[in-house]
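To keep things clear, I will list the structure first and then write my remarks on it.
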Amino acid sequence: MIKVNAVKRALALLTKNLRIFLLSMVLANIAGEMYLNMLPLYLKSLNANVLQVGLFFTIAQIVPLVLQVIGGWISDNLGRLRSVAIGSSLGVFSYIGLILAPTWQWVLAGHGLQSITRALVGPSFGAFIAEETAEENRARVFGVTDVIYTVVTVIGPPLGGWLADTIGFKFMLLVAGILYSAATIIRILLARHASKTGGAEAQPRKLTANGLRTSIWAIGGLIFTGGLLTWLLVTDGARDIAFSMSFQLMPLYLEEIGGLSYQDIGWLSSVFGITRMITGIPAGWLADKKGERLSIAIGFGFEFIALLVFINMSGFLWYAVSWGIFGIAVGIMSPAYQSLLSKAIPERMRGTAFGLIDSSLGLFSLPAPAIGAWMWERYSPMLPIKITAGIVLASILPVALRFKITKKDKDAIARAEEKYAEAYPVTPETKAG
């Protein structure tokens, strides 16, 4: 059990702005978890088959490929909170599209608008947290924010499953839209307040094609040096491909083969969230004290164990055990990964870097849902899951050997900062801001 005073010390690391920011994130992502967890089943209720569901998720991944880079760049130049507020405002309209969609093809329109929202919000999330914390405490802060953020996986999925089961998908989406609208109001007010208190929010930089090009080239140089950022991208890319191939179809597997109800599926996500919450704060401490790569390697090991349980067992209780181990795995890995990634990227380019990395991962995993659906139909629903387990196990070795910041990485970061300074020279106005 986590001691109460340890939790209080951990929460004390969060600034006031960060606490309000996280409140808005919790509300917005409860809404997101309510519908995303049920999305394959919503598509099925609109007469989509397994192959069409796989195709849906493949198409849905195309939009973020370009937009996340632009969203991260906008975040670097206009400010983290302003970018979040703009993206969240667009997100309100996506729920209207989801509710009004008459067929599964029309759901793509609302979901596509959500992709634009995530492109503006996603890169700002980790960048804002990193900038609100000291480097020596960063993994612990990411652990705390992970615990708070994980509330969404405890509340959202079972709430969404219960509403979909008892009233219907449309009403569930309406409730999610109301929660998201509340989060948007908080984000807009927070951005307006920050714009009056100085810093990047008060001194937005002009958006230029040359600035975007310089930022992309600088981050690209870091990625292709063969150092830490390269290996972070390779291992996370392989993991993303594997899980996109198998877990996008997981609700269908649990319903059709596992025999679970919508509410049962929602409760599995809650089990995942609870164990992730319990693990997050001590995991952040472990990463700060013993190093991030140890935590990430341990996390991959737990993911492999969770997959073994799922492959070899059946029934709600065993699935819950598997999901609980998954929660421990992600709880251990997430703060360490976010902390290490933030250290491998210059502060003023974190938004662009997070967006570019997410886009690269999306490009790698673009065909994965369709491939997983093809394997399901052609061979076995279990085959994509077994391949996922193999990729997770193989990832442990490069994590143990390569996940550390070397002199080569520090030199590459310095070169990237020089390129950035050339594109965005410091003026008396920006110094004053």
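Reported value for region 218-338: 113 Å³ per residue, from the convex hull of its C-alpha atoms.
Per-residue extension of 0.36 nm, minus the Cα-Cα distance of A182 and S314, leaves a gain of 43.6 nm for this segment. In the structure shown, do any of K343/K386; K196/K408; K290/K407; K289/K408 have a Cα-Cα gap over 29 Å, and if so which? The answer is K343/K386; K196/K408. Under Stokes-Einstein, with the Kirkwood radius over Cα pairs standing in for Rh, what whole-number D in µm²/s applies to region 268-342 at 25 °C and 0.890 mPa s? Answer from the Stokes-Einstein relation: 201 µm²/s.
The Rg/Rh ratio for region 307-433, using Cα coordinates for both the radius of gyration and the Kirkwood hydrodynamic radius, is 1.12.
Taking θ as phi - 60° and the Karplus parameters 6.51, -1.76 and 1.60, the scalar couplings of region 360-372 work out to 4, 4, x, 5, 4, 9, 3, x, 4, x, 5, 5, x Hz in sequence order, x denoting glycine and proline. Note that the chain presents 42 Å² accessible area per residue, ligands and nucleic acids not counted, probe 1.4 Å. Its Kirkwood hydrodynamic radius, worked out from the mean inverse distance over all distinct Cα pairs, puts the chain at 22.0 Å. Here the Karplus curve 6.51 cos²θ - 1.76 cosθ + 1.60, taken at θ = phi - 60°, turns the phi angles of region 33-45 into couplings of 5, 4, 9, 5, 5, 9, 4, x, 6, 5, 5, 5, 5 Hz, with x standing for Gly and Pro. Applying the Karplus relation 6.51 cos²θ - 1.76 cosθ + 1.60 with θ = phi - 60° to region 230-244 yields 3J(HN,Hα) values of 4, 6, 4, 5, 5, 5, 5, x, 4, 5, 5, 4, 4, 6, 5 Hz, where x marks Gly and Pro.
On full extension of the chain, what length is gained from A414 through L55, given 0.36 nm per residue of separation minus the C-alpha to C-alpha distance? It would help to have the intermediate numbers written out before the result.
Details: separation 359, 0.36 × 359 = 129.24 nm, distance 4.22 nm.
Stretched out fully, the A414 to L55 stretch lengthens by 125.0 nm.
The values are calculated or read from the model by the stated rules, or taken from the named source; none is laboratory data. It should be emphasised that the depicted structure is a prediction, and the values quoted were computed from it without experimental measurement. To get the accessible areas, we keep the full protein, side chains included, count just its heavy atoms, and leave off ligands, DNA and RNA. Shrake-Rupley method; radii C 1.70, N 1.55, O 1.52, S 1.80 Å.
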